[in-house]
Every structure is written in C-alpha cells, then in structure tokens.
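Presented below is the structure to which this report refers.
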Amino acid sequence: MTGTIGLLDISKPRGSVLLDRVEELLHERAPGVTVKRYRKPTFAKPAPEDLRRQIAQECTLVIEALAD
C-alpha cells in the first residue's frame, strides 16, 4: 500500500492517544504509507474549511479519532 493517510484528531480527550496507536500500526503493517497528523480546534464544530482543503490536497485517506 502506498499513499498518504491523514489522522485527524477532533480535539476530544485522549484522541491523540488513539491516533498514536493507529499511527504505530500503520507504520508496522503498511511501510510504504506516509502518515500526516491534523487536529481540529474544537470537537464541537466542523473542521475549518482551510483544514478540510489541506487534508483533501495532501491525503489519499483520512482516519478521524473520537475518544474520551
């Protein structure tokens, strides 16, 4: 597998912990993949348009983390 996977932290508590583990697994199981991390300013609102545009331009796939 090749390409760029975006990991989007929606700013809920412990979301970064979940994404840290997802990133580890991606590096172990898909060595040809590039991983980029992103973070929303708040979980209460949709991601800002500029962030959505950046992710769309830079990534093939996005994984969004929800945690508490």
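The values are calculated or read from the model by the stated rules, or taken from the named source; none is laboratory data. As the structure is a prediction and not an experimental result, all values here were calculated from the model. Here the Cβ is made from the backbone with ideal geometry for all residues, glycine too, and neighbour counts use every protein chain on show. Note: accessible area is taken over every heavy atom of the protein model, side chains too, but ligands, DNA and RNA are not part of it. Shrake-Rupley method; radii C 1.70, N 1.55, O 1.52, S 1.80 Å.
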Within region 26-40, residues open to solvent by 40 Å² or more (accessible area, probe 1.4 Å) and part of a loop (DSSP other than H, G, I, E, B) come out as P31, G32
In region 50-68, residue surrounded by the fewest Cβ atoms within 10 Å (Cβ to Cβ) [restricted to those that are under 10 Å from the mean Cα position of the chain (by Cα) and of a type outside the set (D, E)]: L61
Give the residues of region 1-25 that are over 16 Å from I55 (Cβ atoms) and part of a helix (DSSP H, G or I), sorted by residue number. S16, V17, L18, D20, R21, E24, L25
